[in-house]
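Chemist: Can you read through this structure? Questions will come right after.
The values are calculated or read from the model by the stated rules, or taken from the named source; none is laboratory data. Keep in mind the model is a prediction, meaning the values are calculated, not measured. Cβ placement follows ideal geometry from the backbone for every residue including glycine, while neighbour counts extend to all protein chains displayed. Accessible surface is based on the protein model in full, side chains and every heavy atom, while ligands, DNA and RNA are left aside. Shrake-Rupley method; radii C 1.70, N 1.55, O 1.52, S 1.80 Å.
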Amino acid sequence: MGRNILHCDMNNFYASVECMLDPSLKGIPVAVCGSVAERHGIVLAKNYPAKAYGVQTGEAVWQAKSKCPGLRVVEPHYDEYVKYSALARGIYSRFTDMVEPYGMDECWLDITSCEKLFGPPEKVADIIRETVKFELGLTISVGVSFNKIFAKLGSDLKKPDAVTVIAEDSFKEKIYGLPASDLVGVGRSTERVLAGAAIKTIGDLASADPRMLASKLGKNGLALWNFANGRDESRVARAGESPPVKSVGHGTTTVKDMESDGDVWPVILELTQDVGRRLRDIKMMAGGVAVNVRDSNLVCRQWRTPLSIPSTSAEVIAAAAFGLFHARYRWELPVRSITVGTFNLVPEGAAYAPRLWDNVELAERRERLGHCIDDIRRRFGKNSVRNCILCMPSTLPPEHAEIVMPTGMPC
Amino acid sequence: MYVDVYVFHTSEGSSLPLKIRLYNGQTFEIDRIKGVCRAASTKVGGTGMRYSVVIKGVETYLFDEGEGRWFVEARREAFGM
Ligand SMILES: [Mg+2]
């Protein structure tokens, strides 16, 4: 049976919220920047007028200003973003209980059962778009399709404040000429591999030999081939039901580039505080640790290592992450941002085979310590217990809303 | 502009604004509430529960942003002050 899926994407979310709250910003180039006071602040988001000057997310404020001298730089207001993200989801859930968020500003909606109540899918999409604009003063782009992948692709095709339909009987004409990198899951490295096999468009990908794709890209290659052919059966999670967690991670961009191991260690340790707590919240333990590093040229590298004893301990995860970083990063360039992730999650208390030299007792003590620290923080506040080194001045940005990585998606 | 508001809360959970007070202490009765819906202010920015109200013969919107913060779209001069 055909499904009707929407993907709703709030346009330039951070920048749009700022412009909505302060109408004096309307029509002029605006960039939301981390730590405006700092020389090294970077652009987190920009509006369309700023985009027209070539201002890019991730670049330094001084770079953006040299392209666009009239640029208005505003500080981020994460509490407002969280508020408007929740209000938008509230609007979506008037239409269906199947609303699956993807980051703060995107959601999939399964509106298959809405048809009798609200009309055909493109009409529902239009009602939702108008409602968000009227109630929140924010615009969204909506993709309408028969699966999640094409719905997301659709929401990217026309922006802002627009609805794009990718129908089951005509999707080939509509999207086969688009670059393969428009498809979810085709990152820069995948794009390079595909280009090496003369696959440039989604159409090329759809007609490629799946065995060749699998040999070059593994499971991901096969998945992409299915996506390109419109075969994506993944369902939209019901509200409140989160998809099975495949990884828990936390990342940050520091207010100033990190220039030595000594800058990096406190950042990793701080990140893992949250990672450890979130793992304990969902009663899972990390079987491995990944660290993702972006240098000042914004080139990403990722390394991963298994843990001999699954853990939720911030110290254990931080030590593994730092060990990887220290062994692999060559310091040719300063580091712009770091993400610590975990994988191979196993349920708390699951059996594992310790090696002879593993100190099981110490590992168990560390787990208990983690729970104990959570408890103290719950009762007395997040900063009631701190690692000494984290009380020193650091390059970490001030308290901000959690940035949860999309799970199960290749970087 | 942000204003203080005297609000009547019904047991069903709805709220009726009765009177506003400006920052300088002046108060104005709300003569009539013509409608209420959730909306964004197109004039001064911000969003909330939007009450279409008549104050001293002037039609304007009064917004309940939540957490006790209210603002009116009309400027002070509109009320003849
Ligand atoms: Mg967006």
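Chemist: Looking only at other chains, what is the average number of their beta-carbon atoms within 10 angstrom of each beta-carbon in A:18-29? Let's see the in-between values first.
Modeler: Values: counts 1, 1, 6, 6, 3, 6, 2, 1, 1, 0, 0, 0.
Per-residue shielding by partner chains comes out at 2.
Chemist: What does the net charge come to around residue A:216 if you take all other residues with beta carbon closer than 11 Å to its beta carbon, with K and R at +1 and D and E at -1? Please report the intermediate quantities before stating the final value.
Modeler: Numbers: positive: A:192, A:211; negative: A:209.
Counting the neighbours of residue A:216, the net charge comes to +1.
Chemist: Any idea of residue A:200's accessible area? Nearest 10 Å², probe 1.4 Å.
Modeler: 130
Chemist: Now for a separate question. Can you list the HN-Hα couplings for region B:22-38, worked out from phi with the Karplus curve (6.51, -1.76, 1.60; θ = phi - 60°), rounded to whole Hz and with x for Gly and Pro?
Modeler: Result, rounded to whole Hz: 7, 4, 8, x, 5, 10, 9, 5, 8, 6, 7, 10, 9, x, 8, 7, 7.
Chemist: Enter the buried accessible area of the A/B pair, total of both sides, probe 1.4 Å, in Å² rounded to the nearest 100. Spell out each step's value before the answer.
Modeler: Details: alone 20440 and 5060 Å², together 24710 Å².
In total, this chain pair buries about 800 Å².
Chemist: At 7 Å along Cα-to-Cβ for each site, give me the label-to-label distance between residue B:59 and residue A:260 in nm.
Modeler: So the label points at residue B:59 and residue A:260 sit 6.8 nm apart.
Chemist: In the structure shown, do any of A:83/A:133; A:123/B:34; A:123/A:148 have a Cα-Cα gap over 20 Å, and if so which? Mind dumping the intermediate values first?
Modeler: Values: A:83/A:133 15 Å; A:123/B:34 29 Å; A:123/A:148 18 Å.
From A:83/A:133; A:123/B:34; A:123/A:148, over 20 Å: A:123/B:34.
Chemist: Can you pull the mean other chain C-beta count within 10 Å for peptide A:126-135? The partial results should precede the final answer.
Modeler: Details: counts 0, 0, 0, 0, 0, 1, 1, 1, 7, 8.
Mean partner-chain Cβ count within 10 Å for A:126-135: 2.
Chemist: May I pose another question? Would you tell me the accessible area of residue A:384, worked out with a 1.4 angstrom probe on the heavy atoms of the protein chains, in Å² to the nearest 10?
Modeler: 60
Chemist: Per DSSP H run of at least 4 residues, take -39500 (n - 2.57); add these up for the protein assembly as shown, divide by its residues and hand me the 222 nm value, nearest 500 deg cm²/dmol. All intermediate terms of the calculation are to be shown ahead of the outcome.
Modeler: Numbers: 15 runs with 161 residues, N = 492.
It lands at -10000 deg cm²/dmol.
Chemist: Continuing with this model, one more query. If you keep only loop residues by DSSP, which GluC sites (Glu not before Pro) in region B:11-81 have at most 13 other Cβ atoms within 10 Å of their Cβ?
Modeler: Loop-located and lightly packed - B:12, B:67.
Chemist: Can you bin region A:248-391 into rounded, prolate or oblate? Criterion: square roots of the alpha carbon gyration tensor eigenvalues sorted a ≥ b ≥ c, rounded for a/c under 1.5, prolate for a/b above b/c, oblate for the rest. Please report the intermediate quantities before stating the final value.
Modeler: Details: a/c = 2.05, a/b = 1.37, b/c = 1.50.
Taking the square roots of the gyration eigenvalues as a ≥ b ≥ c, region A:248-391 is oblate.
Chemist: If you don't mind, there's one more thing I want to ask. By its C-alpha gyration tensor, with a ≥ b ≥ c as the square roots of the eigenvalues, how is region B:2-75 shaped: rounded for a/c under 1.5, else prolate for a/b larger than b/c, else oblate?
Modeler: Numbers: a/c = 1.27, a/b = 1.05, b/c = 1.21.
Rounded, because the longest to shortest axis ratio a/c is under 1.5.
Chemist: Here's another thing I want to ask about it. Could you sort A:122, A:80 by their accessible area in this structure, using a 1.4 Å probe and putting the largest first? Before the final figure, lay out each step's value.
Modeler: Values: A:122 90, A:80 50 Å².
Largest accessible area first, the residues go A:122, A:80.
Chemist: Sticking with this structure for a sec: What order do A:343, B:71 take when sorted by accessible area (1.4 Å probe), most exposed first?
Modeler: On the way: A:343 30, B:71 10 Å².
From most exposed to least exposed: A:343, B:71.
Chemist: To continue, here is another question. What FRET efficiency comes out for the pair residue A:297/residue A:86, r = Cβ-Cβ distance, R0 = 30 Å, nearest 0.05? Provide the component values of the computation, followed by the final result.
Modeler: Working: r = 36 Å, r/R0 = 1.19.
Efficiency, rounded to the nearest 0.05: 0.25.
Chemist: Here is a follow-up. What does the net charge come to around residue A:302 if you take all other residues with beta carbon closer than 12 Å to its beta carbon, with K and R at +1 and D and E at -1?
Modeler: Values: positive: A:294, A:301, A:304, A:328; negative: none.
Result for the local shell: +4.
Chemist: Within 13 Å, Cβ to Cβ, of residue A:201, how many net charges do the neighbouring residues add up to if Lys/Arg are +1 and Asp/Glu are -1?
Modeler: Values: positive: A:172, A:174, A:200; negative: A:173, A:182, A:191, A:204.
Net charge around residue A:201: -1.
Chemist: Suppose each label sits 7 Å from its Cα in the direction of the beta carbon; what would the residue A:122-residue A:371 distance come out to in nanometres?
Modeler: Reported label-point gap for residue A:122 and residue A:371 is 5.7 nm.
Chemist: A further question follows. Using a 1.4 angstrom probe on the protein heavy atoms only, could you order A:152, A:67 from most to least accessible area? Don't skip to the answer; put the middle values down first.
Modeler: Numbers: A:152 25, A:67 80 Å².
Result, largest first: A:67, A:152.
Chemist: Another one. Kindly report, to the nearest 10 Å², the accessible surface of residue A:91 as traced by a 1.4 Å probe over protein heavy atoms only.
Modeler: Accessible area, nearest 10 Å²: 0 Å².
Chemist: Could you go through region A:194-202 in sequence order and give the Karplus-derived ³J(HN,Hα) for each residue, using 6.51 cos²θ - 1.76 cosθ + 1.60 with θ = phi - 60°, rounded to whole Hz, and x for Gly and Pro?
Modeler: Residue by residue, region A:194-202 yields 5, 4, x, 9, 6, 9, 10, 10, 4 Hz.
Chemist: Same structure again: Could you report the protein assembly as shown's accessible area per residue, 1.4 Å probe, as an integer in Å²? Intermediate values should be presented prior to the final figure.
Modeler: Working: 24710 Å² over 492 residues.
Normalised by residue count, the accessible surface of the protein assembly as shown is 50 Å².
Chemist: Same structure again: Tell me, what is the FRET efficiency for residue A:234 and residue B:43 to the nearest 0.05, using R0 = 56 angstrom and their Cβ-Cβ distance as r?
Modeler: Values: r = 43 Å, r/R0 = 0.77.
So the FRET efficiency works out to roughly 0.85.
Chemist: So, one more: Considering every residue in B:40-52, what mean count of other chain Cβ atoms within 10 Å of its Cβ is obtained?
Modeler: Mean shielding count: 4.
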